[in-house]
Amino acid sequence: MSERTTVLLMAYGTPRTRDEILPYYTDIRRGRPPTPEQLNDLAARYEAIGGLSPLAQRTEAQRARLHAALDERRPGGFDVVLGLKHADPKIEVAVDAISDPRIVGLVLAPHYSAFSIGQYHERAGTAAAAKGIAFTGIDSWHLEPAYLDFLATQVRAQLAVLPAATKVLFTAHSLPERILASGDPYPDQLQQTAAAVAARAGLSAWSQWGLAWQSAGRTPEPWIGPDILTVIEDLAVSENAAGVLVCACGFVADHLEVLYDLDIEAARRATAKGLAFARTACVNDDPTVFAALADRVVAAADALH
Ligand code: FEC
């Protein structure tokens, strides 16, 4: 039997052409097509960031980086394939093409929620079980030191060129409030990442940093808050802040939710309120972070033997 392990690297996915926006949006909405207004609104957001999202290229660069780091550690011991949540190749299709006896699942999102990493792993685990392949998933990596150091370096560099009274806001994608009833660890994990990065960046007082949620879905049910736009408004009126620095630690690549929701929408709100605005760079395919993730994958693969 082959000793090789396949790493199923999972990410959200994005349309690769304008024609793919409708099927992509329909998939996110679990098969319910969007109204023409909703579709136009999403297409306009892609248009505003240059036509489409760079997420497909970023995810492929992350895959290549992880594969290279694994090859350095165990030459030829790992294949790395992509499995996407809402675009091709979907997670199930990717698993179906795997012939190695073991799969390690890694999601390109640091914080565990049953609605996020939990769903990726459930889909991958079910597909692997149907083929008799052993599967293990890495549940979260929100306190990985290389990731915390990457973000802290970004925070320090940006604060050096922003007004002294700048507040750092750590953000992640909001989720429906009903996840809280089941004790989902997602909000606590965001808090832990933020506190660890703040400590590394030398931010001590709560007045220097805080948490906010972003990109809540356009659905009638309540989503976790406070929303970043509200926090920016509150900062402008109730605290003596001169600037806001957003560290979108819940995301690890440049994509719509960063390039539109933060760089356009949140930046516009901050500027309108007289606040300086900046955002820290995303991890993308940073070699140090992916070296650390490769170590996590090797350990998970060894535990599967
Ligand atoms: O660049 C791109 O093209 C892709 C950007 C993108 C990322 C992303 C990440 C996450 N989402 C998460 C949860 C939800 C839930 C809903 C939802 C809806 C959307 C819509 C778009 C979209 N998301 Fe997303 N998300 C991205 C894009 N997301 C577009 C639909 C229009 C809208 O509401 O803006 C609500 C679904 C529903 O209607 O039931 C829930 C989470 C993440 C980050 C972690 C992960 O990868 O899972 C959580 C990137």
*Scanning for something open to solvent by 10 Å² or more (accessible area, probe 1.4 Å), aromatic (Phe, Trp, Tyr), farther than 22 Å from ASP285 by Cβ and touching a strand residue (DSSP E or B) at 6+ places or on another chain (Cβ under 7 Å), does the range 118-137 turn up at least one residue?*
yes
*Only residues that are over 24 Å from ARG63 (Cβ atoms) and either at pLDDT below 95 or open to solvent by less than 60 Å² (accessible area, probe 1.4 Å) (or both): list them for the range 1-24, please.*
MET1
_Residues that are within 19 Å of THR59 (Cα to Cα) and open to solvent by 10 Å² or more (accessible area, probe 1.4 Å), at least 3 per element: which helices (runs of 4 or more DSSP H) completely within the range 209-305 meet that?_
256-259, 287-304
*Only one of these is in contact with a Phe, Trp or Tyr (Cβ under 7 Å, 6 or more places away or on another chain), more than 14 Å from the ligand (Cβ to nearest atom) and not in a helix (DSSP H, G or I): VAL7, VAL104, VAL80. Name it.*
VAL7
*Any residue at all in the range 157-175 that is away from the ligand (no atom under 16 Å from the Cβ), in a helix (DSSP H, G or I) and either touching a Pro at 6+ places or on another chain (Cβ under 6 Å) or over 23 Å from ASP261 (Cβ atoms) (or both)?*
no
*Do you know which of the residues in the range 204-227 that are within 14 Å of the ligand (Cβ to nearest atom) and aliphatic (A, V, I, L, M) is nearest to ALA270 (Cα to Cα)?*
ALA216
*Kindly indicate the residue of the range 44-77 that is assigned to a loop (DSSP other than H, G, I, E, B) and under 26 Å from ASP100 (Cα atoms) and also least open to solvent (accessible area, probe 1.4 Å) among those meeting that condition.*
GLY77
*Looking only at the range 251-300, count how many residues are under 20 Å from GLY137 (Cα atoms), in contact (Cβ under 8 Å) with a residue 24 or more places away in the chain and not acidic (Asp, Glu).*
12
*Taking interchain pairs and intrachain pairs at least six residues apart, which have beta carbon atoms under 8 angstrom, with the first residue in the range 129-143 and more than 30 Å from ALA194 (Cβ to Cβ) and the second open to solvent by 40 Å² or more (accessible area, probe 1.4 Å) and of a type in the set (Asp, Glu)?*
LYS131/ASP96
*From TYR12, TYR24, which residue is more than 22 Å from VAL283 (Cβ to Cβ), in contact (Cβ under 8 Å) with a residue 40 or more places away in the chain, near the ligand (Cβ under 8 Å from one of its atoms) and touching a His at 6+ places or on another chain (Cβ under 8 Å)?*
TYR24
*Restricting attention to the range 168-195, report how many residues are without any contact (Cβ under 8 Å) to a residue 24 or more places away in the chain and either buried (at least 24 other Cβ atoms within 10 Å of the Cβ) or not hydrophobic (A, V, I, L, M, F, W, C) (or both).*
3
*If you scan the range 88-117, which residues turn out to be free of Cβ contacts under 8 Å to residues at least 24 places away in the same chain and surrounded by 21 or more Cβ atoms within 10 Å (Cβ to Cβ)?*
ILE117
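The values are calculated or read from the model by the stated rules, or taken from the named source; none is laboratory data. Since the structure is predicted, the reported quantities are computational estimates derived from the model, not experimental observations. Cβ sites come from the backbone with ideal geometry, for glycine too, and all protein chains shown count toward neighbours. SASA here: full protein model, heavy atoms, side chains in, ligands and nucleic acids out. Shrake-Rupley method; radii C 1.70, N 1.55, O 1.52, S 1.80 Å.
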